[in-house]
Amino acid sequence: MINFWNSETATGAWRYGSPVYEAPNRDWRFDQFYLDPINSPPGIPSVYAFETVAFAHAY
């Protein structure tokens with residue numbers, strides 16, 4: 001991000017903590033429900049892997 005001009009609203013120094021700003025606690029974890037590809041949300045790209053097993057000449 002590039003700041004092209006000085007803010008007219010936020011002119012004070014950044015302070016973290018109450019009462020200005022305090023980040024909420026979040027419970028981050030992976031839902032095992034999504035291990036099955038059928039349960040994936042729509043629009044999620046699919047990834048496929050191909051493995052070469054053998055080569056054969058075609059005459």
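The values are calculated or read from the model by the stated rules, or taken from the named source; none is laboratory data. Keep in mind that this is a model prediction, so the values were computed, not measured. Glycine gets a Cβ as well: all are built from the backbone with ideal geometry, and neighbour counts include every protein chain shown.
Would it be correct to say that Arg26 is touching a strand residue (DSSP E or B) at 6+ places or on another chain (Cβ under 9 Å) and exposed (fewer than 10 other Cβ atoms within 10 Å of the Cβ)? For Arg26, the condition - touching a strand residue (DSSP E or B) at 6+ places or on another chain (Cβ under 9 Å) and exposed (fewer than 10 other Cβ atoms within 10 Å of the Cβ) - is not met.
Among the residues of the stretch 36-47, those identified as assigned to a loop (DSSP other than H, G, I, E, B) and in contact with a Ser or Thr (Cβ under 9 Å, 6 or more places away or on another chain) are Ser40, Ser46. Counting the residues of the stretch 7-30 that are outside any loop (DSSP other than H, G, I, E, B) and among the aliphatic types (A, V, I, L, M) gives 0. Specify which of the listed residues (Phe4, Phe33, Phe50, Phe55) is in a helix (DSSP H, G or I) and either at pLDDT below 85 or loosely packed, with under 10 Cβ neighbours inside 10 Å (or both). Answer to the check: Phe33.
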